[in-house]
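Chemist: Pasting in a structure now, in structure tokens, and then I'll have a few things to ask.
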Amino acid sequence: MKNKRWTTMLCALGATLLAATAQAQQAAQTAEGAQRFLSTLVKKGNGYAWFVDAQGRTNYVRGKATTTTTRVGVLLGNDEEKSERLVDKQLTAFSLTQIDTEGADGKPDACMTRIAKWGVREPLTENKTWQTTDEGILIDTPIVHVENSIYELPQELASPHWIDWRNVKLSRSTNGGQMTASFKEKNYTAHLSFTGESELVDRVEYAMKFLKLSCDDTTATGF
């Protein structure tokens, strides 16, 4: 009977040790785990990105504005003219919807974060209306101006961008509520950013620094 109890206790202890070992292995910190953590935050709506071109313009988009000018007259009727001009502007940070570890060659790389999908937060169409007056000798003529602008993301901006943790710069906002990783690409500097409560951003900072250190091949030298 005593041996049976010991056997039962040893089996229970073994099962406990196996469970603890499995949990430890599951909780082991890896570059892949850090990537999954950041990806989870993106799905929760905490991720943002912006891209600065060689001219220092952030999320730079171009478009066309069409202006319709109407001279309103009782006797003359409405006289309408149309004109077009090129327009451009810079957008605020994009809301991220997907990041992953797919490299430019299509293969998984735990040291690369592909900024795959995002959404523009402001509308890419604008409508403005204003009125001026053409002063005449006998009667003033009101002039109505209506301008419709349509912006388009250039293809190179709309394409995926990457953060390479082997050569990345990290920064945290002065208030502690935002952590950003930046990487210089061929035509843009890509910025991957996360916001949230201080405790959450602490975890983001740790994950980013872990990725940078894990992917630094010079650490193999011991220095």
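Chemist: Filtering the stretch 126-138 down to residues that are in contact (Cβ under 8 Å) with a residue 12 or more places away in the chain and not acidic (Asp, Glu), which residue is least open to solvent (accessible area, probe 1.4 Å)?
Modeler: THR132
Chemist: Residues of the stretch 70-125 being closer than 22 Å to ASP217 by Cα and hydroxyl-bearing (Ser, Thr, Tyr), which ones?
Modeler: Answer for the stretch 70-125, where residues must be closer than 22 Å to ASP217 by Cα and hydroxyl-bearing (Ser, Thr, Tyr): THR101, THR113.
Chemist: Does SER182 satisfy the condition of being assigned to a strand (DSSP E or B), under 16 Å from VAL204 (Cα atoms) and open to solvent by 40 Å² or more (accessible area, probe 1.4 Å)?
Modeler: No.
Chemist: Give the residue, chosen from SER193, SER198, SER173, that is modelled with pLDDT of 90 or more and surrounded by 13 or more Cβ atoms within 10 Å (Cβ to Cβ).
Modeler: The conditions single out SER193.
Chemist: Also, quick follow-up: When you go through (1) under 30 Å from VAL204 (Cβ atoms); (2) touching a Pro at 6+ places or on another chain (Cβ under 7 Å) one by one for THR133, which number turns out not to apply?
Modeler: For THR133, the exception is condition (1).
Chemist: Among residues belonging to the stretch 139-163 that are touching a Gly at 6+ places or on another chain (Cβ under 9 Å), of a type outside the set (A, V, I, L, M, F, W, C) and within 26 Å of ALA54 (Cβ to Cβ), point out the one that is surrounded by the fewest Cβ atoms within 10 Å (Cβ to Cβ).
Modeler: GLU152
Chemist: Shifting gears a bit: Restricting attention to the stretch 104-125, which residues are exposed (fewer than 11 other Cβ atoms within 10 Å of the Cβ) and under 20 Å from LYS184 (Cβ atoms)?
Modeler: Selection gives ASP105 alone.
Chemist: Could I ask something else about it? Report those strands (runs of 3 or more DSSP E) wholly inside the stretch 92-150 carrying at least 3 residues which are polar (S, T, N, Q).
Modeler: Of the strands (runs of 3 or more DSSP E) lying wholly inside the stretch 92-150, those with at least 3 residues that are polar (S, T, N, Q) span 94-100, 125-134.
Chemist: Turning to a different aspect of this structure: Could you grab the pairs with beta carbons closer than 9 Å, sequence gap of 6+ or different chains, first residue in the stretch 174-203 and on the phi < 0 side of the Ramachandran plot, second one among the aromatic types (Phe, Trp, Tyr) and assigned to a helix (DSSP H, G or I)?
Modeler: Note: pairs meeting the criteria are ARG203/PHE37.
Chemist: Let me ask another. Can we say SER149 is in contact with a strand residue (DSSP E or B) (Cβ under 9 Å, 6 or more places away or on another chain), free of Cβ contacts under 8 Å to residues at least 12 places away in the same chain and among the hydroxyl-bearing types (Ser, Thr, Tyr)?
Modeler: Criteria not met by SER149.
The values are calculated or read from the model by the stated rules, or taken from the named source; none is laboratory data. Here the structure is a predicted model, which means the values were calculated and not measured. Counting neighbours? That spans all protein chains shown, and the Cβs are built from the backbone with ideal geometry, glycine included. Surface areas here come from the heavy atoms of the whole protein model, side chains and all, with no ligands, DNA or RNA. Shrake-Rupley method; radii C 1.70, N 1.55, O 1.52, S 1.80 Å.
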